[in-house]
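Colleague: Next up is a structure, given as C-alpha cells.
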Amino acid sequence: MWFEGALGSLLEKDLRSAWRDPGLKATLFLGLAGPLLFVVLFSQARPGGGSGSLLLTLAAFIGVSSFGANAFGFERRGIGLLLSFPVARWRLLVAKNLAAAIFRLPGLLTLLVACMFMAPLAYLPAALTIAAVTWLLAAGVDNFISILFPVALPGPGRNPYGGATGGRGLGAAALTAVLLVGVLALSSPFVFLAWLPLLLGRPWLWLASLPLALAGTLAVYAMLVDRAERLLGRREPELIERILGEA
C-alpha cells in the first residue's frame with residue numbers, strides 16, 4: 001500500500017478500483033472538457049483588469065462541477081464489505097471525497113492554462129482558493145445525496161447507460177437541485193472573501209482573505225461530514241439494500 005492509516009488505505013482502495021473501471025476515462029474527460037470549453041468561450045477577454053473576474057468565475061465552475069460524484073457508486077456488491085470495516089464512517093466519506101477530487105485534477109490544469117489568457121499570474125492563488133472552497137462544500141453536501149439516493153454504477157464491460165439509469169427519481173432530482181443551490185449559498189461568503197480584494201482593487205488583502213476563506217470552508221466541511229456520518233449510521237441497511245438491488 002502506498003498510503004498509511006485507515007484513511008490512506010480507503011483512499012488507495014478507491015483509486016485502484018476506479019482506475020480499473022472504464023468509466024474513469026469519462027470522468028477525466030469531463031473534468032477537462034467542461035472547463036476547457038469555458039476557456040475557449042472567453043479566451044478573447046483582454047488580459048488583466050476585468051478579465052480576472054472571468055478567471056475567478058471559471059474557478060468556481062470547476063469546484064462546483066464536483067457535485068454529483070455518487071460516492072458509493074463504484075462499490076457495487078462490495079458495499080457490505082466496505083461498511084464492515086472497523087473504521088469511523090467519516091473516514092469513508094472523506095476518502096471518497098479525496099478520490100473524487102484526484103480524478104478532477106485536470107480541471108485545475110485547465111485553470112492554470114486559463115490564467116495565461118485571462119489574467120496575470122497574481123490572480124492564480126485566489127482562483128485556486130475559490131476552486132478549493134467550492135469543491136470542498138460541493139463534496140460535503142453531495143455526501144447526503146450519495147447516502148439518501150445511492151446508485152450502483154454498471155460493472156466493467158456492461159452498458160454504462162444501463163442498470164443505474166433511472167435509479168434516481170424525480171424526488172431525488174428535485175432534492176439534488178435544491179442541494180446544489182445550497183452549495184452555492186454556503187460557498188458564497190467564502191468566495192466573496194476571495195473576490196473582495198479584486199473588487200476593492202487592493203490585491204495585498206489576499207494575504208488575509210484567502211486564509212480566512214479556507215479556514216471557514218474547512219470548518220463548514222467538517223460540520224457537513226459530521227452530519228453525513230450520522231445520517232450514514234442510520235441508513236446503512238437501506239444503503240446496502242439499494243446498491244445490492246441494482247448491482
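Just so it is clear, none of the values below were taken in a lab; they were calculated from the coordinates. Please read these numbers as outputs of a predicted model, since none were measured by experiment. Glycine gets a Cβ as well: all are built from the backbone with ideal geometry, and neighbour counts include every protein chain shown.
Colleague: Give me the extension gain from Leu199 to Ala174: residue separation times 0.36 nm, minus the current Cα-Cα distance, reported in nm with one decimal.
Modeller: Extra length from Leu199 to Ala174 when fully extended: 5.6 nm.
Colleague: A further question follows. Step through the residues of region 126-143 one at a time and calculate ³J(HN,Hα) from phi using the Karplus curve (6.51 cos²θ - 1.76 cosθ + 1.60, θ = phi - 60°), rounding each to whole Hz and writing x for Gly and Pro.
Modeller: Taking θ as phi minus 60°, the curve returns 5, 5, 5, 5, 5, 4, 5, 4, 5, 5, 4, 6, 5, 5, x, 6, 5, 4 Hz for region 126-143.
Colleague: Please give, to one decimal in nm, the separation of the simple spin-label points placed at Ala219 and Ser84, each 7 Å out from Cα toward the Cβ.
Modeller: Result: 4.2 nm between the two label points.
Colleague: Moving to a separate point now. I'd like the FRET efficiency for Arg230 and Ile102, computed as 1/(1 + (r/R0)^6) with the beta carbon distance as r and R0 of 45 Å, rounded to 0.05.
Modeller: That pair, Arg230 with Ile102, gives E of 0.95.
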